[in-house]
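The values are calculated or read from the model by the stated rules, or taken from the named source; none is laboratory data. Just so it is clear, the structure is predicted and the values come from calculations on it, not from any experiment. Ideal geometry is used to build each Cβ from the backbone, glycine not excepted, and the neighbour counts take in all protein chains shown. Heads up: the accessible areas ignore ligands, DNA and RNA and are worked out on the full protein's heavy atoms, side chains in. Shrake-Rupley method; radii C 1.70, N 1.55, O 1.52, S 1.80 Å.
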Amino acid sequence: MNNRKLMEEALEVLPGGVNSPVRAFKAVGGSPIALVKGRGCRVWDADGNEYIDFLASWGPLILGHAHPKVVKAVRDEVEKGLSFGLTNPHEVRLAHLVVEMVPSVEKVRFVNSGTEATMSAVRLARGVTGKRYVLKFDGCYHGHYDSLLVSAGSGVATFGIPGTPGIPEEIAELTLVVPFNDEGAVKEAFERYGEDIACVIVEPVAGNMGVVPPKEGFLKFLREITQKNGSLLIFDEVITGFRLSKGGAQELFGIEPDITCLGKILGGGMPVGAYGGRREIMSQVAPEGPVYQAGTLSGNPVAMVCGVETLKELRDKEPYPQLEARMKQLSEGVGKILGDKGIPHRINVVGSMMTVFFTDREVFDFESAKSSDTELFGRFFRKLLEKGVLIPPSQFEAWFVGTAHEEKHIEEALERISEAVKDL
Ligand code: KE4
């Protein structure tokens with residue numbers, strides 16, 4: 001089996017040959033590859049080509065692929081069975097770890113994806129406040145829940161418009177969309193709809209427009225304006241949770257949201273999402289409270305064990321200074337390669353996540369991110385792939401380094417990137 005044959009077969013039975021659109025390489029061109037194996041910081045495709053991996057399965061693989069402790073724990077658990085449908089001890093173990101590591105979380109509910117986490121968090125916010133509107137930021141992605149798959153309307157602080165066919169306008173109109181890092185727009189939205197805004201949901205460090213950090217004071221501003229208006233602040237930490245520190249962005253910036261959404265690293269590569277917060281809020285979730293949410297495989301024992309081993313490693317080793325050093329080495333190396341070649345670029349780095357934008361403007365929101373030369377990004381992506389470096393197949397995503405990337409691996413990757421850029 002090889003990439004071409006496998007992807008041809010995939011096209012027969014999977015829409016676009018994929019189970020998630022971005023994997024089809026539409027944003028970067030060229031033929032998508034299939035990955036069959038990973039070990040440490042490397043992955044191998046169906047043709048046997050090896051890549052140094054900065055995709056990390058979109059974030060979860062912060063410990064690298066097939067970490068021995070994780071593999072052993074999962075293998076042992078699988079021997080005992082795969083799923084029982086009643087509470088198992090590992091759900092409680094992982095919940096204790098989340099409560100211990102994430103500052104604002106006293107109680108947590110596990111689900112099976114980041115989308116389920118944000119969808120449930122919005123329902124909980126509406127249920128707890130009795131209010132209808134959701135305020136989100138243009139360029140922030142929170143999964144494919146109807147109320148959050150909404151694009152910015154024309155003008156500032158206006159109703160959302162459906163981000164895709166299949167979402168009725170009546171639903172999109174309950175979502176207000178404003179530019180990221182724009183305090184004025186948020187103030188205007190609250191002046192107009194403040195008494196009826198259930199929640200503000202934000203990626204505290206944006207990853208889905210490419211990496212875009214919050215401006216100084218922006219998160220504190222969101223904390224204050226939501227408090228003042230009786231709205232809940234939801235931090236979507238599906239990417240940043242356990243990534244930027246063991247307590248995520250909320251620990252790094254010292255801001256406590258009302259509800260935190262988690263995913264990716266939480267499951268260590270297995271399908272796990274979660275939403276959590278203070279007891280008084282989470283006690284409103286069924287069956288303790290009236291806000292309904294459920295899931296057949298929520299808290300699946302094998303997935304929980306994968307998450308437990310991953311979080312334990314991060315809690316005990318706190319590898320964040322090392323991850324930042326490796327990301328500094330990578331981002332500065334890439335900056336030098338592009339600079340020497342005279343290619344206009346901006347590199348946004350926060351902790352162990354970064355994005356290379358092909359623009360000479362500062363990138364501080366979605367509009368400025370979209371000034372990037374995505375055609376050039378496509379050529380850059382394909383050249384890197386050819387030389388054995390895998391980055392996300394989209395300009396508007398984040399590159400990740402993990403504990404399996406040692407200094408020598410970054411050095412090796414930079415040599416390959418330098419070769420790739422020569423042909424750009
Ligand atoms: P999932 O439903 O894909 O597990 O999580 C949705 C989600 C929620 N919140 C944030 C901040 C996210 O980044 C995501 C998912 N991220 C994308 C890419 N960054 C996943 C890749 C894909 O869609 O295939």
Base-10 log of normalised Debye intensity for the range 69-317 (one unit scatterer per alpha-carbon) at q = 0.11, 0.13, 0.14, 0.16 Å⁻¹: -0.55, -0.76, -0.88, -1.12
Whole-number D in µm²/s for the range 1-119 (Stokes-Einstein; Kirkwood sum over Cα pairs; 37 °C, 0.692 mPa s): 187
Shape call, the range 171-225: gyration tensor on alpha carbons, a/c limit 1.5: oblate
Environment charge of V28, counting only residues whose C-beta is closer than 10 Å and scoring Lys/Arg +1, Asp/Glu -1: +2
Cα gyration tensor of the range 327-385 - equivalent ellipsoid semi-axes, whole Å, descending: 16, 15, 11
Karplus-derived 3J(HN,Hα), 6.51/-1.76/1.60, for each residue of the range 368-385, Hz, glycine and proline x: 5, 4, 6, 7, 5, 8, 6, 5, 5, 4, x, 5, 4, 4, 5, 5, 4, 4
All lysines inside 17 Å of K317 as judged from Cα atoms, apart from same-chain residues fewer than 8 positions distant: K69, K246
Largest-first principal axis extents of the Cα set of the chain (Å): 57, 55, 45
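What number comes out for accessible area per residue over the chain if the probe is 1.4 Å? Units Å², please.
Value returned for the chain: 42 Å² of accessible area per residue.
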In nm, spacing of pseudo-spin labels at R192 and K317 (7 Å Cα→C-beta vector): 4.9
Net dipole in debye of the chain [+1 Lys, Arg Cβ; -1 Asp, Glu Cβ; about Cα centre; nearest 20]: 600
Overall form of the range 73-112 per C-alpha gyration tensor (a/c, 1.5; a/b vs b/c): prolate
Per-peptide average of other Cβ atoms within 10 Å, ordering 271-280, 237-246 highest first: 237-246, 271-280
Cα lying deepest toward the dipole's positive end in the range 1-154, options G64, F25, A125, charges on Cβ: A125
Relative contact order computed over the chain (Cα-Cα under 8 Å; 6+ residues apart), in percent: 22
From phi via Karplus (6.51, -1.76, 1.60), per-residue ³J(HN,Hα) for the range 117-126 in Hz, x at Gly/Pro: 5, 6, 4, 5, 5, 5, 4, 4, 4, 5
Sequence of S283, S31, S368 when ordered by accessible area, the most exposed leading, probe 1.4 angstrom: S31, S283, S368
Within the range 69-317, percent of DSSP bridges classed antiparallel, to nearest 5: 45
q = 0.12, 0.15, 0.17, 0.18 Å⁻¹: log10 I(q)/I(0) that the Debye formula gives for the range 244-355, counting C-alpha atoms only: -0.62, -0.85, -0.99, -1.05
Cα gyration tensor, the range 178-289 - rounded (a/c under 1.5), prolate or oblate: oblate
Spin-label pair M1/R39, simplified geometry with 7 Å Cα→Cβ offset, distance in nm: 2.0
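Only four residue types carry charge here, +1 at the Cβ of Lys and Arg and -1 at the Cβ of Asp and Glu. Report the dipole size of the range 226-330 about the Cα centre in Debye, rounded to the nearest 20.
220
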Whole-percent pair-distance distribution, where bins are 10 Å wide, for the alpha carbons of the range 60-210: 10, 31, 29, 19, 10, 1
Ranked packing of 108-117, 16-25, most packed first, by mean Cβ within 10 Å: 108-117, 16-25
Student exercise, the range 1-78 dipole from Lys, Arg, Asp, Glu Cβ charges, in Debye to nearest 20: 220
Computed FRET value (nearest 0.05) for E375 with E169, which takes r as the C-beta separation and R₀ as 41 Å: 0.80
Antiparallel DSSP beta bridges within the chain, percent to nearest 5: 60
Kirkwood hydrodynamic radius of the range 27-78, from inverse mean 1/r over distinct Cα pairs, in Å: 12.3
